[in-house]
1. If a residue must be buried (at least 23 other Cβ atoms within 10 Å of the Cβ) and either in a loop (DSSP other than H, G, I, E, B) or hydroxyl-bearing (Ser, Thr, Tyr) (or both), how many such residues does region 54-72 contain?
2. Would you check if there is a residue in region 206-223 being within 16 Å of ligand 2 (Cβ to nearest atom) and either among the aromatic types (Phe, Trp, Tyr) or at negative phi (or both)?
3. Is there a residue being touching a residue at least 24 places away in the same chain (Cβ under 8 Å), within 16 Å of ligand 2 (Cβ to nearest atom) and in a loop (DSSP other than H, G, I, E, B) anywhere in region 103-118?
4. Please pick out the residue among 201, 224 that is without any contact (Cβ under 8 Å) to a residue 60 or more places away in the chain, within 20 Å of the chain's Cα centre (by Cα), within 14 Å of ligand 1 (Cβ to nearest atom) and within 28 Å of residue 49 (Cα to Cα).
5. Might you check whether a residue that is over 24 Å from residue 134 (Cβ atoms) and touching a residue at least 12 places away in the same chain (Cβ under 8 Å) occurs anywhere in region 69-79?
6. Considering only residues that are over 26 Å from residue 56 (Cβ atoms) and touching a strand residue (DSSP E or B) at 6+ places or on another chain (Cβ under 6 Å), which ones fall in region 100-119?
7. Can you find even one residue in region 125-142 that is assigned to a strand (DSSP E or B) and surrounded by 21 or more Cβ atoms within 10 Å (Cβ to Cβ)?
8. Has region 169-179 got any residue that is without any contact (Cβ under 8 Å) to a residue 40 or more places away in the chain, of a type in the set (D, E, K, R) and within 20 Å of residue 277 (Cβ to Cβ)?
Amino acid sequence: MPETIPLVIDTDTAQDDCIALLAGLLDPRAELRAVTMVAGNVGFDHQVRNAFLTLNAAGRLGEVPVHLGCRRPLVRPWEGAEDVHGDGAGGLTMDLTGCDPDPEHAVDALVRLAAENPGELAVVAIGPLTNIASAAAKDPDFVHNVGTLYVMGGSNNGRGNITAAAEFNFYVDPEAAKAVFAAGFEIVVVPWAPLTLDQAVFDQPKLDEIAALGTPLSDFFTRVCAATLEFDRSVGIDGTTHPDSLTTALLLHPDLVTRSARYHVDVETAGELTRGYAAMSWGVHGLEPNATVIEEIDAPAFYAYIKNLLATKTEPARPMA
Ligand code: BDR
Ligand code: CA
């Protein structure tokens, strides 16, 4: 296994996307080449702001380029999750003077970075798959130039979150998700249910432990997760949910995976009740596998990983309030 992993995080930055970025920015195994932004959780410009806030929290403002990508899904109007995430960063603000996105479009950046070292770049896609599908359409070599594509999305024959059938990232841009699974990438999928709900929820005792760390990052975590925690509790989830940081952690530390299997994954675009539903076929329906789906992780080790990350003593260049 190489010592460091070159990666791009493609994100709709709000709540756990911020924690995923922290992993990309601070884990010594991660060589974060760029952050690419896609329409998803909250208003696009808010997401961009949240990404800069996170770079600042990590003490790495100005060190990693932020590229703006697709501002709406391929075919449908954008639908967000502001009811879940608020502004996605708990109302945190800072002076954003000079926090300018890179002028290169996110899709071009993805294509270029993958082509620079074919087969080496990992892409962690933790929002709707609009940028990834667009990059694959723009450059037919992109699919093979990307080493591995880690996707947070879908449920493995489990319940959705935005509808009974669909997980948010696939629901927002089902056409993009369908295209990505048909494209021929080496894909690893981190599903919402049952995996995230069973193994990547931090309950109150864990949240108290994190708050007690008393670092700038633990304060940041508590603040950006607060709105989502309130929403999660209102729908019967006993804590904060961490699908995006889990996806990043599993790329960087594959030993956290305790069970995975090959599946054929496809995404519903036409259903009346099932828009964005992920059909994950487990090998008995005569379909060629196109993805590895994570089924079980070492949950205590994942929590320890995030706690350890948040214990890092960073020096944010700008005050945040
Ligand atoms: C996914 O949707 C978003 O709300 C989260 O950031 C995560 O990527 C979970 O369904
Ligand atoms: Ca996300």
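Readers should treat all values here as calculations from the given coordinates under stated rules, not as data from a laboratory. Predicted model only: the values in this text are computed from it and were never measured. Glycine also receives a Cβ, built like all others from the backbone with ideal geometry; neighbour counts cover every protein chain displayed.
1. Going through region 54-72 one residue at a time, the tally reaches 4.
2. Taking every residue of region 206-223 in turn, at least one turns out to be within 16 Å of ligand 2 (Cβ to nearest atom) and either among the aromatic types (Phe, Trp, Tyr) or at negative phi (or both).
3. no
4. When all the criteria are applied, what remains is 201.
5. Looking through region 69-79, none of the residues is over 24 Å from residue 134 (Cβ atoms) and touching a residue at least 12 places away in the same chain (Cβ under 8 Å).
6. Listed by number, the residues that qualify are 114, 119.
7. Taking region 125-142 and keeping what is assigned to a strand (DSSP E or B), we get 125.
Add one more test, that the residue is surrounded by 21 or more Cβ atoms within 10 Å (Cβ to Cβ), and what stays is 125.
The answer is yes, given that some residue of region 125-142 is assigned to a strand (DSSP E or B) and surrounded by 21 or more Cβ atoms within 10 Å (Cβ to Cβ).
8. No: zero hits.
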